[in-house]
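Have a look at the structure below, then the notes.
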Amino acid sequence: MNTTSLFSREVMTLSKTGIIYGINGPVIYLKGNTGFEMSEMVYVGKERLVGEVIALDKDRTTIQVYEETSGLRPGEEVIATGDAVSVILAPGILNNIFDGIERPLEKISETGGAFITKGVSVDNLDKTKKWKTHFTIKEGDYVNGGDIFAEVPETRAIVHKCMIPPHLHGTVVSVKEDGAYTIEEPLIVIDPGTGRTVEIPMAQKWPIRTPRPVSRRFSASVPLITGQRIIDTMFPIAKGGTAAIPGGFGTGKTMTQHQIAKWSDADIIIYIGCGERGNEMTQVLEEFGELTDPRTGNPLMDRTTLIANTSNMPVAAREASIYTGLTLAEYYRDMGYDVAIMADSTSRWAEALRELSGRLEEMPAEEGFPAYLASRLSAFYERAGMMQNLNGTKGSVSIIGAVSPQGGDFSEPVTQNTKRFVRCFWGLDKSLAYARHFPAIHWLTSYSEYLQDLSHWYQDNVSPKFVDYRNRLMALLNQESSLLEIVKLIGSDVLPDDQKLILEIARVIRLGFLQQNAFHKDDTCVSMEKQFLMMDTILYLYKQARALVTMGHPMSVLKSEPIFERVISIKYDVPNDRLEMFAQYRRDIDTFYQNVLEKNA
Amino acid sequence: MPIEYLGLSSINGPLIVLEGVQDAFFDEIVEFVINGTERRIGRIIELYEDKAVIQVFEGSEGMSLRNTHTRLTGHPMEIALSKEMLGRTFNGIGQPIDDLGPIPSRLKRDVNGLPLNPVKREYPRNYIRTGISAIDGLTTLIRGQKLPIFSGNGLPHDQLAAQIVKQASLGEESGEEFAIVFAAMGVKHDVADFFRRTFEESGVADHVAMFLNLANDPVVERLITPKVALTVAEYLAFEQNMHILVILTDMTSFAEAMREVSSSKGEIPSRKGFPGYLYSELASLYERAGIVSGVEGSVTQIPILTMPNDDITHPIPDLTGYITEGQIVLDRNLNGQSIYPPISVLPSLSRLMKDGIGEGYTREDHQDLANQLFSAYAKVGDARNLASVIGEDELSPIDKEYLAFGKEFEEKYIGQGMEENRTIEETLDLGWELLGRLPREELDRVNTKILDKYYHPTKRDEGVTTSASPGSIANK
């Protein structure tokens, strides 16, 4: 195994070449049968721009270029690398920011300054840094593909597990001593029984469009806890699940993704900024560097990797960035970690497909999108899942994809096709966002198919009553929505008191439970236990108030008591570590009950 | 040394095809000489072996297949840069049109710019005081932000932009250098003149570089105008350490020029005939705003676009909203009620606001106050809808209070004079004064401590009656 060729942009041996014939934006054409392979990575022109072969026929080879093509001339040379577009997998991925084809932006800025220039040649990962390595195998062991042979503390939070590449197996011939090694030094030698031994370094290379193999898939059974009430309680996502967040601009897609990236109980976060704003990536970098993970106390960046292809970076690399992120995620899943991918936004990726498809003059389907949009989306989301890895560990990749529908209209092709392949749909609503109700996830349009799968977990780990309570809240909200239809026509004064109570309780649920303040230190992330107790208090209030209304006490008397406002501000008034305070609220509700009885006797 | 080619192979609208070219490169600029006298420039947009498709910036009128000489310049579209550009006026491709001679500079830059590396960006946090309550209080403009104005034909977006320029730039007491880069794409002569006059009257004309592509100027030229302007802005900001405010008007003309060129190239259209790369193209402009870490200067963008038929879901405002950091939306109904500036606050938004306000920037209560005003004003819309069905008399007392609040909010808070320059304290205090008209238990977005400190119930003026105009807010 030739380990040096992993990193260098030099092409070692006599490789195939072609001559540029036509240039149209990021798409270039080569004349004749070049012998290139499909999806092969190529270097284009004198500046050695990175590109990928996307179509081949007898007299023409079509290549998409991941960098700006201005300045390129017909007649310049294109060199094949012999490999599909791949990423390097080794320690150093975490706490880092890459562009769409895994080039570290930090390193690019060291060589190129504040702006990203063309044809920059940097190593994907630092190959001079020595990592402290502890071997977990010994000579004579028989290893299979995926087996862990060494452990490297990559960041304070994460131990990186070096694995045998999936297609290799054999007897370990030699193992180095524990110590500090770079990512490309050969660490162990195995004998696959073919007569030639293979040296294995920490780093391995993997083509981004090929899913990494696993043993088998588990069904969803454990929720990805995000600390966000509307998600955890109302529309939960499972570890290894898929969710879509569609919403027009300004409805809070990015905010929701940031909140999940910050507070979810995944081990690793891969944040893909695909065709979004540069300032947002900067914000994530700054903020995540300062914030600490509530579970481990380490900086959040220690478990995070950012893939940034901002909207002004070349469009072909935008298409690749999603796959780059996925491959990194699968690699950490193989180590037995729970990985969550934030893809913001998949619409930009779909638009990159459309743009390239347009340049290739393919027959468009709906709204100019190529006909293969649905199959690409499904292939993307199907790479998520809770898996048994080749080495026997259990890990998961969860995908949370933002969708930016054109005009905020959910009937457009990307939202519709995404809906077919995700099981969790968090629909963001413009009118909620206008009223600054955040998270603006609308409870009537959203759904989660994981609710059934996860109900056992909730019953065992939170409370047996949890699912029942959740359904009761949903029922109240649904009743509110039909009552509001009537209120819209005739006003709320004419409603009977029991219906007025439903409106009032639904208001408490909306303001006190669904609305969550991302900038409040306690409210930004809430434990499952507190979420349950909040539900419990609201429903207890409802029960007592309903008893009063049934006895004939008017709502105006009930509302003159401050208890409703008290319950709404529980989210601010009860710190996350003082849940015993909920007992006081129960007593307050009882006092309220007595007060109304006495006052109105 | 450079070869001149005589004649062309074909002409189709602004696109011409030249065969037999040697050593041309993609995106190269070419020069034409027509009939030995008139000079024009164009850009290579497609290249097949020795056949180049060239886009002529000034349009192809008067060119024939025989009368044109073509010369390759050997460089992409470039512009000479210098601090001397301030106070000057240029055409849409950056050539001086004020008879003051060429720009004396050897420094030339590719107008396409390069993407700014996210790790070298600095997250914008300093707010710019515009003196306009609806902006300062509710959609605060941050230095380094891109905040477009979504407007419609006949709405006072130009006046608003001019007021922002006047009050934001002159309000600074610090010694920092500021300048304005103004790019007009396909705007009417009057509009360009209005801006020129405003800059002169407010005494900032020496700090303005104007790039004018007027409505009767060639359409293709428009595609390059914002790029030229932003190249100058980046140079002044990141190399001359100045704070630059860029005004781009009107982005709708820019996008329509793209559609025109795209269709003459025979490309597959996506939405409403616009090319599939409209998003990327808009993004490559809007993303050229921000702050580079370690550099004093900043580029703040205020693009103006007129929404065709006031439709915010039209591809141009829609894609813009996905790229920019918020938007200021103007509303025809408010304008009809003679409220200036007619900013529709509910769909307006500033994404960077949350990090640039509050303690240490403006005042501790700013965020809560803004949230509460938004939420209260959203309820006004509901109350008005209800009133339009059942009549105002039938409304519950609290809904009536909301109607009164809404009217006052629109008149006093949103509405202000074209010359009125409010301080941030005035804006915030006015907000509390208005909230004082609502009962305290309605204020559910404000932290209890802040409420204790700032909330004072106001007695209702006898004169104000609840006469709302139903349906004046396009809320639903």
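In the protein assembly as shown, the DSSP beta bridges split such that about 65 percent are antiparallel, to the nearest 5. With a sphere of radius 14 Å drawn around the Cβ of B:MET307, what net charge do the other residues whose Cβ falls strictly inside it have (Lys, Arg +1; Asp, Glu -1)? Here the count lands on -4.
Residues of the range B:1-43 that lose at least 50 Å² of accessible area (1.4 Å probe, protein heavy atoms only) when the other protein chains are present, relative to their chain alone, are B:PHE25, B:PHE26. Here the convex hull built on the C-alpha positions of the range B:186-230 has a volume of 58 cubic angstrom per residue. Whole-Hz Karplus values for the range B:412-428 come out as 9, 8, 5, x, 7, x, 5, 9, 6, 10, 8, 7, 5, 4, 4, 4, 5 Hz, taken residue by residue from phi with 6.51 cos²θ - 1.76 cosθ + 1.60 and θ = phi - 60°; glycine and proline positions read x. What is the range A:483-601 by shape, rounded, prolate or oblate, if you read a ≥ b ≥ c off the alpha carbon gyration tensor as root eigenvalues and call it rounded for a/c under 1.5, prolate for a/b larger than b/c, and oblate otherwise? It is oblate, given that a/c is not under 1.5 and a/b is not larger than b/c. Assuming charge only on the beta carbon of Lys and Arg (+1) and of Asp and Glu (-1), the dipole of the range B:127-230 about its Cα centre is about 380 debye to the nearest 20. Legend: mean number of C-beta atoms from other chains within 10 angstrom of residue C-beta atoms, peptide A:106-114, equals 4. Using the alpha-carbon atoms, what tilt in degrees (0 to 90, nearest 10) does helix B:251-264 show relative to the longest principal axis of chain B? Helix B:251-264 sits at roughly 40 degrees to that axis.
Please go through the residue pairs A:LYS46/A:LYS127; A:LYS107/A:LYS205; A:LYS262/A:LYS530 and name each one whose alpha carbons sit more than 24 Å apart in this structure. Pairs exceeding the cut-off: A:LYS46/A:LYS127. Around B:SER298, which amide H atoms from residues at least 5 apart in sequence, or from another chain, sit under 5 Å from its own amide H, with H modelled in the peptide plane? Hits under the 5 Å cutoff: B:MET242, B:HIS243, B:ILE244.
In plain terms, the C-alpha convex hull of chain A casts an average shadow of 30.0 nm² when viewed from every direction.
With a Förster radius of 45 Å applied to the beta-carbon distance between A:THR591 and A:ALA475, the computed FRET efficiency rounds to 0.95. Expressed as a whole percent, the accessible area of chain A that falls on carbon and sulfur atoms is 51 (1.4 Å probe). Distances between placed amide hydrogens fall under 5 Å for A:ILE188 paired with A:ILE200, all partners being 5 or more residues away or on another chain. Straight-line cross-link reach from B:LYS412 at under 29 Å between alpha-carbon atoms covers these lysines, not counting any fewer than eight positions away in the same chain: A:LYS430, A:LYS488, B:LYS146, B:LYS166, B:LYS354, B:LYS379, B:LYS400, B:LYS449, B:LYS453, B:LYS459, B:LYS476. Looking at chain B, the accessible area is 37 square angstrom per residue; that uses a 1.4 Å probe and ignores ligands, DNA and RNA. With K and R counted +1 and D and E -1, the other residues having a Cβ less than 11 Å from that of B:LEU8 yield a net charge of 0. Working from label points 7 Å from Cα in the Cα-to-Cβ sense, the B:ILE97 to B:ARG71 distance is 2.4 nm. Do you know which residues of the range B:360-380 lose at least 30 square angstrom of accessible area in the protein assembly compared with their chain on its own, with a 1.4 angstrom probe? For the range B:360-380, once contacts with the other chains are taken into account, B:PHE374 lose 30 Å² or more. If you average the C-alpha positions of the range B:250-320 and of the range B:107-183 separately, how far apart do those two centres end up, in angstrom? For the range B:250-320 versus the range B:107-183, the Cα centre distance is 17 Å. Inter-chain Cβ neighbour count for B:322-332, averaged per residue, equals 3 (cutoff 10 Å, partner chain atoms only).
On C-alpha positions alone, give me the angle between the axis of helix A:528-550 and the longest principal axis of chain A, in degrees, nearest 10. Approximately 30 degrees, to the nearest 10. With viscosity 1.567 mPa s and temperature 4 °C, the Kirkwood radius over alpha carbon pairs of the range A:181-221 converts through Stokes-Einstein to a diffusion coefficient of 97 µm²/s. Karplus-derived 3J(HN,Hα) values for the range B:354-371, using 6.51 cos²θ - 1.76 cosθ + 1.60 with θ = phi - 60°, are 4, 9, x, 10, x, 4, x, 10, 10, 7, 4, 8, 4, 5, 4, 4, 4, 4 Hz; glycine and proline are entered as x. Each residue, A:GLU529 and A:LYS132, gets one label point 7 Å from its Cα in the Cβ direction; the gap between the two is 3.3 nm. Between B and A, buried accessible area from a 1.4 angstrom probe totals roughly 6300 Å², ignoring ligands, DNA and RNA. Rounded to the nearest 10 degrees, the angle from helix A:278-290 to the longest Cα principal axis of chain A is 80 degrees.
Find the Cα radius of gyration of the range B:164-311, compare it with 2.2 N^0.38 Å by division, and give the number to two decimals. Walk me through the numbers on the way to the answer.
Working: Rg = 16.3 Å, N = 148, 2.2 N^0.38 = 14.7 Å.
My calculation over the Cα atoms of the range B:164-311 gives 1.11.
Put a dot 7 Å past the Cα of A:THR296, heading toward its Cβ, do the same for A:ALA379, and the two dots end up 3.3 nm apart. Couplings for the range A:390-404, taken from phi via the Karplus curve 6.51 cos²θ - 1.76 cosθ + 1.60 with θ = phi - 60°, read 4, 8, x, 6, 10, x, 9, 10, 9, 10, 10, x, 7, 10, 10 Hz in order; Gly and Pro are left as x. A cut-off of 5 Å between modelled amide H atoms, ignoring neighbours fewer than 5 places along the same chain, links B:GLY276 with B:SER270.
Can you give the mean number of other chain Cβ atoms that lie within 10 Å of the Cβ atoms in peptide A:278-288? Could the numbers behind the result be given before it?
Working: counts 12, 17, 5, 5, 12, 7, 2, 4, 4, 2, 0.
Average neighbour count from other chains, rounded to a whole number: 6.
Ranking A:ARG303, B:ARG259 by solvent-accessible area of protein heavy atoms (1.4 Å probe, all protein chains present), from largest to smallest, gives B:ARG259, A:ARG303.
Can you tell me what share of the DSSP beta bridges in chain A is antiparallel? A percent to the nearest 5 is fine.
Details: 64 of 92 bridges.
So the antiparallel bridges amount to about 70 percent of the total.
log₁₀ I(q)/I(0) of the range A:363-419 at q = 0.16, 0.28 Å⁻¹, via Debye over equal Cα point scatterers, no solvent, to two decimals? Here the Debye-derived log intensity ratios amount to -0.61, -1.17. Applying both filters, DSSP loop and at most 11 other Cβ atoms within 10 Å, to the trypsin sites (Lys or Arg not before Pro) of the range B:1-81 gives B:ARG66.
To the nearest 0.05, what FRET efficiency results for A:TYR142 and A:ASP83 with a Förster distance of 25 Å applied to their C-beta separation?
0.30
Restriction of the trypsin sites (Lys or Arg not before Pro) in the range B:149-222 to DSSP coil positions whose beta-carbon has at most 15 other beta-carbons within 10 angstrom yields B:LYS188.
I need the peptides A:516-525, B:124-133, B:144-153, A:241-250 ranked by packing, meaning the mean over residues of other C-beta atoms within 10 angstrom, with the highest value on top. Before the final figure, lay out the partial values.
On the way: A:516-525: 16.0, B:124-133: 21.6, B:144-153: 25.0, A:241-250: 27.6.
Packing order, densest peptide first, comes out as A:241-250, B:144-153, B:124-133, A:516-525.
Here the accessible area of the range B:1-112 is 48 percent carbon and sulfur, with a 1.4 angstrom probe and all protein chains present.
Cα gyration tensor of the protein assembly as shown, axes a ≥ b ≥ c as square roots of the eigenvalues: rounded (a/c below 1.5), prolate (a/b > b/c) or oblate? The partial results should precede the final answer.
Values: a/c = 2.09, a/b = 1.17, b/c = 1.79.
Oblate, because a/c is 1.5 or more while a/b does not exceed b/c.
Could you compute the net charge surrounding B:TYR340? Neighbours are other residues with a C-beta less than 15 Å from the C-beta of B:TYR340; K and R count +1, D and E count -1.
-2
Solvent exposure of A:HIS169, expressed as accessible area, is near 80 Å², computed with a probe of 1.4 Å over the protein chains only.
Accessible-area rank, largest first, for A:LYS419, A:LYS239: A:LYS419, A:LYS239, with all protein chains present and a 1.4 angstrom probe. Highest mean first, the peptides A:275-285, A:422-432 sorted by other C-beta atoms within 10 Å per residue fall in the order A:275-285, A:422-432.
Given 10 °C and 1.306 mPa s, how large is the Stokes-Einstein diffusion coefficient of chain B in µm²/s, with Rh as the Kirkwood radius over Cα pairs?
66
Principal axis analysis of the Cα atoms in the range B:1-145 yields extents of 61, 38, 31 Å, listed in decreasing size.
A:MET301 sits with roughly 10 Å² accessible to a 1.4 Å probe, with DNA, RNA and ligands left out of the calculation. With the cut-off at 1.5 for a/c, could you classify the range A:463-526 from its C-alpha gyration tensor as rounded, prolate or oblate? In terms of gyration-tensor shape, oblate. Once you reduce the range A:267-318 and the range A:356-399 to the center of their Cα atoms, the two points are 22 Å from each other. Peptide packing for B:337-344, B:176-183 was compared via the average number of neighbouring C-beta atoms within 10 Å per residue; ordered from the highest value, the list is B:176-183, B:337-344.
The values are calculated or read from the model by the stated rules, or taken from the named source; none is laboratory data. Here the structure is a predicted model, which means the values were calculated and not measured. Methodologically, a virtual Cβ is constructed for each residue, glycine included, from the backbone with ideal geometry; neighbour enumeration extends over all protein chains shown. Ligands, DNA and RNA are stripped out before the accessible areas are found, and what is left, the full protein with its side chains, is counted by its heavy atoms. Shrake-Rupley method; radii C 1.70, N 1.55, O 1.52, S 1.80 Å.
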